[in-house]
Amino acid sequence: MRETGSSGGFGGSGIRPRDSSDPGGPGAYFGHRGAAVRVLPNAHGHEIAVIGMGYVGIPTAATLAHLGHRVTCADSDPDKIALLTGGRVPIVEAGLEDLVREGQAAGRLRFVVGATAAVADAEFVFLCVPTPQGDDGSADLSYVEAVATEIAPHLRPDTIIVNKSTVPVGSTLVVERVLGRRDVTVVSNPEFLREGTAVSDSLHPERIVVGADDQAAAAKVGELFAGTHAALLITDAATAETIKYASNAFLATKLSFVNAVAGLCEAVGADVRDVILGLGYDKRIGFEFLRPGPGWGGSCLPKDTAALVHIAEEAGYDFSFLRGAIATNEEQFTRVVDKVKQAVARATATSVELAAPTGGNLAGTVIAVWGLTFKAGTDDLRNSPAVEIVKRLVAEGATVQAFDPTVAVPDGEFSSRVAELSHADTVGGVASLDDSVRAFPDAYTACEGATAVVVLTEWDEFRWLDFSQVLKCLVTPVVVDARNLLDPAQMRRFGFDYTGIGRR
Ligand code: UGA
């Protein structure tokens, strides 16, 4: 994490300006098509509109207000706008409510219903609307196009449209066409925020990428973020759009790699945690993003990798390497379920079966699950590996008793979230999870009468449970720890049959 600081501009680390005449002060790197132009910090705030109040829009708007700009935020959902106007945020995101309230108290952050109401005075309009995944894996641009159509007649001349939504390469041109305004410029400014740490990522970005044919417009967008200590990279639009997809594809590939190495460790009797240490000390590899787990998920990595495969295909390039990373991820879900089946078989087997293991059968079993969100620190269930694994457990005949700190309270709320799960893509012909997944108010009661407990999200609180009580709740002392969150030696001392990922 970077230190906070308000002085300076860009280029404090990372990419340096290319122009040899540059003395080395704050500056920007312009991609190979651009001239090197000094970017200086803002003296004055600008009028900005941010359209779409979701995981990206809210932190972006609150950060821009924090940096001194006057920001009008719009969403089509009046309930969301009422909540935000009252200083509350509709998502679990550490520090976000405080940042929103800071902006409101300073008079620099306000919320309105509908994009049109926000854009009339704006010099910059940030598009932060969803780009859901289409049936063929492509990103669906319809929200972006709808907003562009809606705001086009209301923009003042010389407005710069900043596209932050993750869109297929070439979409900046599509937005330009939909707007149909020669006096308005569109630039691409991909976001690199992680859910759960979006505020910190937004206030202390490592890089700002701006892509446009009009390099002066791109530089103006870069200037909006003066006050952060990020490297600024200015490119053409297609390159900026590609950087976004390539970043997420790289991260996904890294995770599939480490999950595959974990599988290898199990096969050869090595310990993946030490293997990662041995890898990470090599600075070219590093320690980040190398925790093996139940597979990667969330609203971004699965969608963006599928979209990139599709984009490549359309362009005539077979990105088989990335397809391999996606396939490895699918295998990881199955591998976790297999671990549960094997552990349950061990715990319930007769001596004859122990001599000739069957691989396990979950029909009629009750399995406790700790964690449903796609990672800790968020309440987001979209494309959660935990949900994928729950679906597979249910498809194998198990009933799942789940606890998640952000999902399980109160009962009524959980019911609707379970409905949300069953509406997500189904696996193994499971049409509805409502009857097969039940919510519990805490980690202990979720284990009552269960044959095994499976750790699927790395919530820290699971490490500090009273495991002697967990033992009493379970029918058989089986733990499958798909996040390597617990200490195997300690769990075995308690008497658990412990299975982790890539370690004994
Ligand atoms: C991801 C990227 O990390 C952000 O840089 C990007 O801006 C964002 O997508 C986006 O495109 O908007 P996010 O979806 O919040 O962020 O999730 P990650 O923190 O990347 O985690 C993705 C998945 O990988 C989760 O299921 C997580 O549990 C898993 N993971 C992550 C691991 O299994 N091991 C790790 O070491 C790290």
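The values are calculated or read from the model by the stated rules, or taken from the named source; none is laboratory data. Not measured: the values here are computed from a predicted model. Positions of Cβ are backbone-derived with ideal geometry, glycine not excepted, and every protein chain shown enters the neighbour counts. Keep in mind that these areas ignore ligands, DNA and RNA; they rest on the heavy atoms of the full protein, side chains included. Shrake-Rupley method; radii C 1.70, N 1.55, O 1.52, S 1.80 Å.
If each of Ala246 and Glu102 carries a label point 7 Å out from its Cα toward its Cβ, how far apart are those two points in nm?
For Ala246 paired with Glu102, the spin-label model returns 3.3 nm.
Mind scanning Lys164/Lys375; Lys391/Lys472; Lys283/Lys341; Lys303/Lys341 and naming the pairs with a C-alpha gap bigger than 32 Å? Can you show the working numbers first?
Values: Lys164/Lys375 23 Å; Lys391/Lys472 27 Å; Lys283/Lys341 38 Å; Lys303/Lys341 29 Å.
Among Lys164/Lys375; Lys391/Lys472; Lys283/Lys341; Lys303/Lys341, the Cα-Cα distance tops 32 Å for Lys283/Lys341.
Can you tell me the accessible area per residue over the range 272-396, all protein chains present, probe 1.4 angstrom, in square angstrom?
On the way: 5780 Å² over 125 residues.
Spelled out: the 1.4 Å probe surface of the range 272-396, per residue, equals 46 Å².
Among 303-316, 363-376, what's the highest-first ranking by average C-beta atoms within 10 angstrom per residue? Kindly include the intermediate steps, with their values, before the conclusion.
On the way: 303-316: 18.9, 363-376: 23.1.
Sorting 303-316, 363-376 by mean packing, highest first, produces 363-376, 303-316.
Quick check: from the Cα gyration tensor, does the range 199-332 come out rounded (a/c under 1.5), prolate or oblate? Walk me through the numbers before you get to the answer.
Details: a/c = 2.85, a/b = 1.57, b/c = 1.81.
The shape class here is oblate.
Got a sec? Which residues in the range 102-121 would a label at His154 touch, if it sits 7 Å along Cα→Cβ and we count backbone N under 20 Å?
Within reach of a label on His154, which here means backbone N under 20 Å from a point 7 Å along Cα→Cβ, the range 102-121 contributes 108-121.
Subtracting the Cα-Cα distance from 0.36 nm times the residue separation, let me have the gained length for Phe321 to Ala146 in nm, one decimal.
59.6 nm
Which of the peptides 280-290, 48-58 is most tightly packed, and how do the rest follow, judged by the mean count of other Cβ atoms within 10 Å per residue? Spell out each step's value before the answer.
On the way: 280-290: 11.2, 48-58: 26.2.
My ranking of the peptides, most packed first, is 48-58, 280-290.
Rounded if a/c is under 1.5, else prolate if a/b is larger than b/c, else oblate: which is the range 188-236, with a ≥ b ≥ c the root eigenvalues of its Cα gyration tensor? Present the calculation step by step, with values, prior to reporting the outcome.
Numbers: a/c = 2.83, a/b = 1.85, b/c = 1.53.
The shape class here is prolate.
Under a plain spin-label model, where a point goes 7 Å from the Cα along Cα-to-Cβ, how far apart in nm are Thr476 and Ile285?
Computed distance between label sites Thr476 and Ile285 equals 3.6 nm.
Could you order the peptides 179-187, 204-212 from most to least packed, using the average number of other C-beta atoms within 10 Å per residue? Don't skip to the end; give the middle numbers.
Working: 179-187: 18.3, 204-212: 22.1.
The peptides rank, most packed first, as 204-212, 179-187.
What is the magnitude of the charge dipole of the range 160-253 about its Cα centre, with +1 placed on the Cβ of each Lys and Arg, -1 on the Cβ of each Asp and Glu, and no other charges, expressed in debye to the nearest 20? Don't skip to the answer; put the middle values down first.
Working: 8 positive and 11 negative charges, 25 e Å.
Approximately 120 debye in magnitude.
Mind checking the per residue accessible area of the range 207-262 for me, 1.4 Å probe, whole number of Å²? Could you put the intermediate results ahead of the total?
Details: 1570 Å² over 56 residues.
Per-residue value: 28 Å².
Got a sec? Charge dipole of the range 208-336, +1 on Cβ for Lys and Arg, -1 for Asp and Glu; which of Gly286, Ala315, Val221 is way out at the positive end?
Gly286
Take Ala349 and Arg493, extend 7 Å from each Cα along the Cα→Cβ direction, and tell me the distance between the two endpoints in nm.
The two pseudo-label positions are separated by 2.8 nm.
Could you give the length gained by full extension between Glu313 and Ala120, i.e. 0.36 nm per residue of separation minus their alpha carbon distance, to one decimal place? Present the calculation step by step, with values, prior to reporting the outcome.
Working: separation 193, 0.36 × 193 = 69.48 nm, distance 3.98 nm.
My answer for the length gained is 65.5 nm.
At 1.4 Å probe size, put Ser202, Ser320 in order of accessible surface, largest to smallest. Intermediate results must be reported in sequence, preceding the final value.
Working: Ser202 15, Ser320 65 Å².
Greatest to least solvent exposure: Ser320, Ser202.
Ordered by residue, what ³J(HN,Hα) values in Hz, to whole numbers, does the range 438-448 give under the Karplus form 6.51 cos²θ - 1.76 cosθ + 1.60, where θ = phi - 60° and Gly and Pro are x?
For the range 438-448, the Karplus-derived couplings read 10, 8, 10, x, 8, 5, 6, 5, 4, 8, 4 Hz, x marking Gly and Pro.
Given the Cα-Cα distance of Glu461 and Arg194 and 0.36 nm per residue of separation, how much length would full extension add, in nm? All intermediate terms of the calculation are to be shown ahead of the outcome.
Numbers: separation 267, 0.36 × 267 = 96.12 nm, distance 2.09 nm.
Result for the pair: 94.0 nm of gain on full extension.
Shape call for the range 67-187 from the C-alpha gyration tensor, a ≥ b ≥ c root eigenvalues: rounded (a/c under 1.5), prolate (a/b greater than b/c) or oblate?
Oblate is the answer for the range 67-187, as a/c is 1.5 or above yet b/c matches or exceeds a/b.
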